[in-house]
Structures are given as structure tokens and as C-alpha cells.
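Everything below concerns the one structure shown next.
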Amino acid sequence: MKLLQSLVLCAGLTAAAGIPSATAQNANQQIPVIDGPTYLMTYIEVIPSANARAIAAMKEYRDASRKEPGAMYADIYQEEGQSHRFVLSEIWQNRGAAAAHTKAAAATTLLEKLKPIELGPSDTRIHQAHSVTPPKASSANDVVVISHIDVAGGNTQNLINAMGPLGEASRKESGMVRYEILDEVPAHANHFRSFEEWSSLAAFETHNRSPHVQTYRSTVLQWLGTPYDQRLYRLVK
């Protein structure tokens with residue numbers, strides 16, 4: 001399954017290893033791998049009639065994961081408008097702690113419980129911080145926005161340059177709770193995810209219409225390998 005495959009890569013990773021090909025190595029040369037806080041996002045999609053069953057299994061996983069060595073944060077987010085889709089968002093002290101977590105009972109038990117009700121295998125992506133605010137516990141009333149940004153044709157550095165003023169300005173906005181730009185390395189150095197948390201939907205809407213966001217969206221459009229994917233979530237308590 002994608003969850004285990006991705007995190008097994010994490011287990012044997014060093015700054016000079018774990019890169020599958022020369023092409024991938026060249027793509028990552030500008031972005032050194034940091035064995036520090038490791039951000040995991042696991043995408044889960046189940047049959048809609050099994051939402052309650054899935055949430056119960058994920059809560060067990062979350063609560064057990066939080067007690068493991070190296071755990072910093074573990075939260076469940078449910079997608080607005082698509083209640084059968086979820087993201088497990090975790091932060092681990094380093095890649096070794098994240099890798100050890102995959103062998104723990106919480107991870108293996110979750111996979112077993114989801115298998116009969118999932119629409120497809122869970123998909124975990126491993127990230128390091130590109131530019132982040134200090135993490136903090138989420139509030140149930142906050143609006144969480146997770147975006148996937150994928151650029152093609154060697155435009156990774158162009159994207160990084162565009163993200164600089166976006167992050168700097170966004171962190172100064174009213175209603176900003178948490179703002180993270182994450183890089184999916186070593187597997188896909190040209191894939192980034194942003195995790196935004198806003199105190200209200202109005203704050204998020206104001207942010208999205210701000211000049212720095214509009215400039216960023218217009219600028220990166222020419223480099224995108226896939227459509228800009230921005231989704232809204234709520235914390236599952």
C-alpha cells in the first residue's frame with residue numbers, strides 16, 4: 001500500500017541516499033533533505049456509508065500515535081463537501097521517528113480496518129518544512145485549507161521564488177492561525193503542499209482575494225503540471 005511504501009523510503013533515508021535514479025537526484029540537488037521535523041499527510045477515501053466507521057478507526061490511530069516516541073502532532077481533517085474524504089496530518093521529530101511509527105501497531109491496525117471500506121489505498125506523502133509557522137493545536141471552528149502544487153519542466157526554483165513573498169505576506173494577515181509550505185522530498189522535489197489554518201471562512205476568503213495571492217496564482221499558472229488543487233477541511237475532534 002502507498003502508506004507503507006512511502007514511509008519505508010523514509011526509514012532508510014539519508015541526505016545522500018534513498019533517491020531512486022539519477023534524474024530524481026538531479027531534481028533534488030537544489031533542495032537538500034533535512035532530517036528534522038517530518039510532515040506526513042495521508043489521504044484517505046472511504047465509501048460514504050462507512051464514514052462513522054472510518055472516523056472511529058482514525059481516532060484510535062490518532063490517539064495511539066500521539067503516545068509514540070517522536071510524535072509532535074497527529075490530527076484528522078474531513079473534507080468540506082466530500083465527507084468521505086480525509087487527511088491525517090502528522091508531524092514527527094525526524095524521519096527515523098516517522099519510519100518507526102510505520103511498524104507500530106497503530107499504523108498496521110489502521111490499514112487493516114480501512115481495507116474493507118476504502119475506495120482506494122491510503123496515500124501518504126512525506127514532507128519537510130520549506131517555510132512554516134510554529135505548529136499549534138487546531139481548533140474545531142477554524143477553516144483548514146490543504147493545497148497541492150505541482151510544477152513541471154524544471155520550474156521548481158521558479159515556484160520557490162514565487163512562494164517567498166506569498167508566505168511572507170500571508171503570515172501577517174488577520175485571522176491567520178497556521179501557515180505551512182511543505183516540500184515533498186526526496187521523492188518529488190517539484191511537489192509542494194500548503195497547510196493553511198484560518199480563524200474563519202471570511203478570513204480565508206479575504207486572504208484568497210489579496211493582491212499577493214492573486215499575483216502568486218497568476219504567476220504559477222504557467223508552470224503547473226496539474227490544476228491547482230485547493231481543498232477545505234474541518235478538524236475531527
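The values are calculated or read from the model by the stated rules, or taken from the named source; none is laboratory data. All of these numbers come straight from a predicted model, not from anything done at the bench. As a convention, Cβ positions derive from the backbone with ideal geometry for all residues, glycine included, and neighbour counts pool all protein chains shown. Ligands, DNA and RNA are excluded from the accessible area calculation, which covers all protein heavy atoms including side chains. Shrake-Rupley method; radii C 1.70, N 1.55, O 1.52, S 1.80 Å.
Points worth noting:
- Test: residue in the range 180-187 that is modelled with pLDDT under 95 and either farther than 18 Å from E90 by Cβ or open to solvent by 40 Å² or more (accessible area, probe 1.4 Å) (or both): yes
- Residue check for N208: without any contact (Cβ under 8 Å) to a residue 24 or more places away in the chain and open to solvent by less than 40 Å² (accessible area, probe 1.4 Å): yes
- Scan of the range 133-153 for residues that are out of contact with any helix residue (DSSP H, G or I) (no Cβ under 8 Å at 6 or more places or on another chain) and not polar (S, T, N, Q), ordered by number: P134, P135, K136, A137, A140, D142, V144, I146, H148, D150
- Some residue of the range 102-112 being touching a strand residue (DSSP E or B) at 6+ places or on another chain (Cβ under 7 Å) and open to solvent by less than 40 Å² (accessible area, probe 1.4 Å): no
- Flag if R231 is under 20 Å from E79 (Cα atoms), open to solvent by 50 Å² or more (accessible area, probe 1.4 Å) and touching a residue at least 12 places away in the same chain (Cβ under 8 Å): yes
- Subset tally (residues that are among the small types (G, A, S) and free of Cβ contacts under 8 Å to residues at least 40 places away in the same chain) for the range 70-99: 4
- Restricting A74, A54, A98 to those that are surrounded by 21 or more Cβ atoms within 10 Å (Cβ to Cβ), modelled with pLDDT of 95 or more and farther than 26 Å from Q128 by Cβ reduces the list to A54.
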